[in-house]
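One structure below.
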Amino acid sequence: MTLWLIVPAAGRGSRMQADRPKQYLPLHGRSVLARTLARLHQVFPEAALRLCLDPDDAYFDPDDVPFSEWQRVEGGSERVDSVRRALSTLAGKAADDDWVLVHDAARPCVRREDLAALSQALEHEAIGALLAAPVADTMKRADARGRVSHTEPRDGLWHALTPQAFRYDLLRQALDAALATGTAVTDEASAIEAMGLSPLLVPGGRDNLKITRPEDLILAARILSLQSE
Ligand code: C5P
């Protein structure tokens, strides 16, 4: 059984206001993308990687890919399009029940033990699972005027993180269905949920942040210093 790894890294990262896409900003002497791939490789060295890159990417360095089995895939206009393109390269190669793990290139701080916990959870799982962290702040629902409409009960609310792992055939069907019905898909789990299924939440660290804004890079550098290499 092959473990497939999809890393969407085709975003332009305009919210970073940097001179290059955020996955290529330096983090402890290497690019964010190189750090993310190295972290994944430490826990899943045998996985087969599909790396989604912008067709006009001027920064990618193949030496940053530690996987022996990998393929570059042209990214799409949205994250979900990039993931769908990567999945399409698995046709005829992946078995229906192979696991596909999708992990954002912009999350270099995912802990090795969280990756291991996700992998372990899959051993007893039929549908799939995602790393997630319980919400710590009080959550407000806004009305159209930007005023508080009400406070959402925080109990049972989670931040969806990545990796998210689903069976190949189920994920393919779910993303196809979401496209056909116009369902908004900001992560893989939301497409699975739209099919009436309930992915498993695997508790993961809040330090698995997605680098989005300039301050996130500073935080990520600090987090990496605190995590043992
Ligand atoms: O933009 P956002 O932070 O949500 O992107 C999450 C991940 O998806 C990033 O690693 C980014 O490079 C990737 N992405 C992609 N293709 C896109 C947009 C984002 O692979 N069209």
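Taken together, the values in this text are just the output of simple stated rules run on the coordinates, not laboratory data. All values derive from a computational prediction rather than experimental measurement. When we count neighbours, we look across all protein chains shown, and the Cβ atoms used for this are built from the backbone with ideal geometry, even at glycine.
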Computed over the chain: relative contact order in percent, which uses C-alpha pairs under 8 Å that are six or more apart: 24 percent
With eigenvalues of the C-alpha gyration tensor scaled by 5 and rooted, the range 3-226, Å: 25, 23, 18
Computed over the range 78-193, Cα set: Rg, Dmax in Å: 16.4, 52
Amide H partners (placed H, <5 Å) of VAL73, local residues excluded: LEU51, CYS52, LEU53
Rounded to whole Hz, the Karplus (6.51, -1.76, 1.60) HN-Hα couplings of the range 52-66, x for glycine and proline: 8, 10, 5, x, 9, 4, 9, 10, 4, 10, x, 5, 7, 9, x
For the range 44-119, diffusion coefficient by Stokes-Einstein and Kirkwood Rh (Cα), 20 °C, 1.002 mPa s, µm²/s: 155 µm²/s
For LEU217, net neighbour charge (Lys/Arg +1, Asp/Glu -1) across residues whose Cβ lies under 15 Å away: +4
For peptides 126-133, 148-155, sequence by mean Cβ density within 10 Å, most packed first: 126-133, 148-155
Sparsely packed GluC sites (Glu not before Pro) within the range 57-101, loop by DSSP, other Cβ within 10 Å at most 13: GLU69
Within the chain, helix-based [θ] at 222 nm, where runs of 4 or more DSSP H residues each add -39,500 (n - 2.57), nearest 500: -8500 deg cm²/dmol
Fraction of alpha-carbon pairs over 17 Å apart in the range 1-52 - percent: 42 percent
